[in-house]
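For reference, the structure is listed below as structure tokens.
Every number in this text was worked out from the coordinates using simple rules, so none of it is lab data. None of the values given here were measured: they were computed from a predicted structure. Heads up, the Cβs are rebuilt from the backbone with ideal geometry, glycines too, and the neighbour counts pull from every protein chain shown.
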Amino acid sequence: VHNSMEEILRKTVAPLPSYEMRDKPPPPPESNSLEFMHFYKSLEKEQKLDFLEKLSHDFGVDHRWASDLAAKLLDTQGRDVATILQVEDRLRYSLTPRYRQLLTHISKVQGGVKFLVDLRADLIEFASSKISDSPHMRDLNSTLKSLLSEWFSVGLLRLERITWQSPCEILQKISQYEAVHPVRNWTDIKCRVGPYRRCYAFTHASMPGEPLVVLHVALTEDIANNIQGIVREFSTLDADEDVNKINAAIFYSISSTQAGLQGVELGNYLIKRVVRELQSEFPHMAQFSSLSPIPGFSLWLQGALGQHKKEGRTIELLSEQEWREVEDVTGAAPGAPALEALRRLISTSEWIRSDRLVRTLEPALMRLCTWYLYGEKRRGYALNPVANFHLQNGATMWRLNWQADTSPRGIANSCGIMVNYRYFLQETSTNSAAYLQNKVIKASEQVLGLVSQFQKNSKL
Ligand SMILES: CC(C)(COP(=O)(O)OP(=O)(O)O)[C@@H](O)C(=O)NCCC(N)=O
């Protein structure tokens with residue numbers, strides 16, 4: 001296979017035309033692209049890795065050529081600006097990886113864009129599983145990502161509303177792709193596209209019938225604080241919508257379907273596009289918010305409890321009073337490890353069945369969950385991926401909701417707590433810039449209050 005890999009690459013990855021010929025390259029036979037695609041699809045996963053490493057390493061930038069031109073550019077400093085621009089343009093051209101043309105040619109053949117989206121999904125998989133982190137592969141990934149970002153820019157995407165009248169194959173795909181609140185049966189999906197609901201997707205002409213990212217919206221009187229009322233409510237199945245009952249749009253699920261389009265920010269664009277769509281349908285609508293899960297909170301809490309036990313700093317997580325109440329309710333003998341009792345309760349979700357425990361734990365868990373969302377960071381950004389996504393979009397961390405998701409999954413993942421990331425339309429661009437550049441999280445009074453309560457506790 002190896003020599004045929006070399007053969008295929010030499011044959012299908014045409015050399016970069018000379019600078020003079022750069023705008024008039026003879027188009028290679030379409031068969032080159034088709035042969036490349038066919039060959040790649042025929043490879044096993046590990047052969048694909050090998051093939052892409054060869055492609056990225058041997059058919060990338062001609063480093064020698066680029067460095068010669070960089071030296072030449074240094075020599076022209078002080079010359080007239082026209083000469084400098086000329087040499088800069090030559091240098092810019094010399095930094096074009098040889099394989100870039102192949103990618104643009106492939107995008108022009110039938111199914112070529114989808115092929116490249118899936119190829120990037122392979123690159124992302126290889127990079128994330130640390131199988132290969134060669135700089136050449138990173139270069140190939142970023143070249144491909146920048147091409148995909150151009151081809152999938154908002155202006156070229158089509159907004160589709162999915163309704164009960166949409167083709168079965170689309171409804172079936174929407175059901176399959178739903179990653180946040182799984183669709184169990186036809187009644188479920190009928191509810192999600194029925195009255196007081198909207199379901200939108202972006203599609204692209206190069207991938208017909210394929211929803212690229214899907215957003216589910218609930219139309220409510222005010223900002224929802226509970227998910228069961230949205231995904232388990234069937235009373236509205238055949239009702240007509242009463243506009244007077246619609247003041248808010250709740251984004252309760254969003255999923256991108258193409259791994260290869262990661263980083264192209266389709267979800268952010270879809271939310272903003274849907275807001276505009278809803279404003280034109282409901283001109284009086286002024287409240288736009290997510291109702292988001294908090295995946296990872298329970299795990300983080302277990303870790304924090306374990307950590308504090310080791311360092312004997314349990315007081316920071318619960319106040320004296322709260323620990324005493326936990327001891328009372330769990331029957332843990334005074335001084336005995338109430339912390340162990342609490343850890344077991346959290347990991348088995350048993351506490352949810354005892355009203356007394358629910359009441360006892362509410363202030364502590366709400367405070368800890370707020371700190372997990374607002375205070376826990378990764379490289380300065382919110383540790384929780386859903387928080388990071390909405391904060392990048394410029395949303396405000398607006399309200400935590402107790403007992404918002406009482407499903408077993410909701411209790412196990414985040415002790416039943418959910419959060420509203422609110423989109424104040426005039427503020428999103430400012431908030432987004434502040435977050436991305438200075439890692440500042442825009443939060444409401446409720447959130448900041450809970451954060452300062454947590455911080456007071458940990459200063460004890
Ligand atoms: C949340 C999503 C839709 C964001 O996608 P997108 O806007 O394209 O961001 P990115 O992948 O371009 O960084 C995506 O990360 C996703 O599908 N996540 C899994 C489901 C979820 N909602 O957490």
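For the range 335-371, list residues with backbone N below 14 Å from a point placed 7 Å from the Cα of Lys309 toward its Cβ?
Output list for this probe position: 336-348.
Once the other residues with Cβ under 11 Å from the Cβ of Leu73 are scored (Lys, Arg +1; Asp, Glu -1), what is the net sum?
Here the charged neighbours net out to 0.
Taking the Cβ of Ser407 as the center, what net charge do the other residues with Cβ under 12 Å away carry, scoring Lys and Arg +1 and Asp and Glu -1?
So the environment of Ser407 carries a net charge of +2.
What is the helix-to-structure angle for 355-374, meaning the angle in degrees between its Cα long axis and the longest Cα principal axis of the chain, kept from 0 to 90 and rounded to the nearest 10?
It works out to around 30 degrees.
Need one number for the chain: average projected area of the convex hull over its C-alpha atoms, nm². It would help to have the intermediate numbers written out before the result.
Numbers: hull surface 116.1 nm².
For the chain, the mean projected area of the Cα convex hull comes to 29.0 nm².
Using a basic spin-label model with each label point 7 Å from the Cα along Cα→Cβ, how many nm lie between Ser255 and Thr76?
Roughly 5.3 nm, to one decimal.
What number comes out for the charge environment of Ile417, summing +1 per Lys or Arg and -1 per Asp or Glu over other residues with Cβ under 12 Å away?
0
What lysines could a cross-link reach from Lys309, if we take a straight Cα to Cα line under 19 Å and drop same-chain neighbours fewer than 8 places away?
Qualifying lysines at Cα under 19 Å: Lys459.
Full extension from Arg379 to Leu159: what is 0.36 nm times the residue separation minus their Cα-Cα distance, to one decimal in nm?
Extra length from Arg379 to Leu159 when fully extended: 75.8 nm.
Once you charge only the Cβ atoms, +1 for Lys and Arg and -1 for Asp and Glu, what is the size of the charge dipole of the chain about its Cα centre, to the nearest 20 debye? Don't skip to the answer; put the middle values down first.
Working: 54 positive and 53 negative charges, 99 e Å.
The calculation lands at about 480 debye.
Kindly work out what percent of the DSSP beta bridges joining two residues of the chain are antiparallel, to the nearest 5.
85
Rounded to the nearest 0.05, what FRET efficiency is calculated for Arg138 and Leu43 with R0 set to 25 Å and r the Cβ-Cβ distance?
Details: r = 21 Å, r/R0 = 0.84.
After rounding, the FRET efficiency stands at 0.75.
At Asp58 and Ala127, where each label point lies 7 Å from the Cα along Cα→Cβ, what is the point-to-point distance in nanometres?
Inter-label distance under the simple model: 2.4 nm.
Say the dipole of the range 146-274 comes from +1 at the beta carbon of Lys and Arg and -1 at that of Asp and Glu; which of Ile250, Ile223, Leu266 then lies farthest toward its positive end?
The listed residue farthest towards the positive side: Leu266.
Rounded if a/c is under 1.5, else prolate if a/b is larger than b/c, else oblate: which is the range 205-306, with a ≥ b ≥ c the root eigenvalues of its Cα gyration tensor?
Oblate is the answer for the range 205-306, as a/c is 1.5 or above yet b/c matches or exceeds a/b.
Summing -39500 (n - 2.57) over the DSSP H runs of n ≥ 4 in the chain and dividing by its residue number, what mean residue ellipticity at 222 nm do you reach, to the nearest 500 deg cm²/dmol?
-16500 deg cm²/dmol
Please name whichever of Phe282, Asn388, Leu318 sits farthest to the positive end of the charge dipole of the chain, dipole taken about the Cα centre and charges placed at Cβ: Lys and Arg +1, Asp and Glu -1.
Most positive-ward Cα: Leu318.
Hey, what angle do you get for helix 45-58 against the long axis of the chain, alpha-carbon based, 0 to 90 degrees rounded to 10?
Roughly 50 degrees between the two axes.
Going through the range 250-330, which chymotrypsin sites (Phe, Trp or Tyr not before Pro) have at most 13 other Cβ atoms within 10 Å and a DSSP loop state?
When the chymotrypsin sites (Phe, Trp or Tyr not before Pro) of the range 250-330 are filtered for loop state and at most 13 Cβ neighbours within 10 Å, nothing remains.
Using amide H atoms built in the peptide plane, which far-off residues or other-chain residues are under 5 Å from Ser253 H to H?
Placed amide hydrogens put His216 under 5 Å from Ser253.
Hey, what angle do you get for helix 320-330 against the long axis of the chain, alpha-carbon based, 0 to 90 degrees rounded to 10?
Compared with the principal axis, the helix lies near 80 degrees.
Using the Karplus equation 6.51 cos²θ - 1.76 cosθ + 1.60 (θ = phi - 60°), what ³J(HN,Hα) coupling, rounded to whole Hz, does each residue of the range 70-75 give in order, writing x for Gly and Pro?
Couplings: 5, 5, 4, 4, 4, 5 Hz.
Taking Cα centroids, how far is the range 338-398 from the range 171-216 in Å?
29
Please give the length that would be gained between Arg356 and Glu30 if that part of the chain were fully extended, namely 0.36 nm times their separation in residues minus their C-alpha to C-alpha distance (nm, one decimal).
Separation in residues times 0.36 nm, less the Cα-Cα distance, equals 110.3 nm.
Please state the charge dipole magnitude for the range 328-379, taken about the Cα centre, from unit charges on C-beta atoms (+1 on K and R, -1 on D and E), reported in debye and rounded to the nearest 20.
320
Applying a 10 Å radius around every beta-carbon, put 25-35, 364-374, 338-348 in order of their mean neighbour count, most first. The partial results should precede the final answer.
Numbers: 25-35: 14.2, 364-374: 23.7, 338-348: 17.2.
Top to bottom by mean Cβ count within 10 Å: 364-374, 338-348, 25-35.
At 0.36 nm per residue, and after removing the present C-alpha to C-alpha distance, how many nm does the segment from Arg276 to Glu241 gain when stretched out fully?
10.6 nm
In what order do Trp351, Trp402, Trp164 fall by count of nearby beta-carbon atoms within 10 Å, going from fewest to most?
Result, fewest neighbours first: Trp164, Trp402, Trp351.
Rounded to the nearest 20 debye, what is the charge dipole size of the range 102-199 about its Cα centre when +1 sits on each Lys and Arg Cβ and -1 on each Asp and Glu Cβ?
Value, rounded to 20: 440 debye.
In Å, what Kirkwood hydrodynamic radius results for the range 16-57 from the alpha-carbon pair distances?
Values: mean 1/r = 0.0815 Å⁻¹.
So the Kirkwood estimate lands at 12.3 Å.
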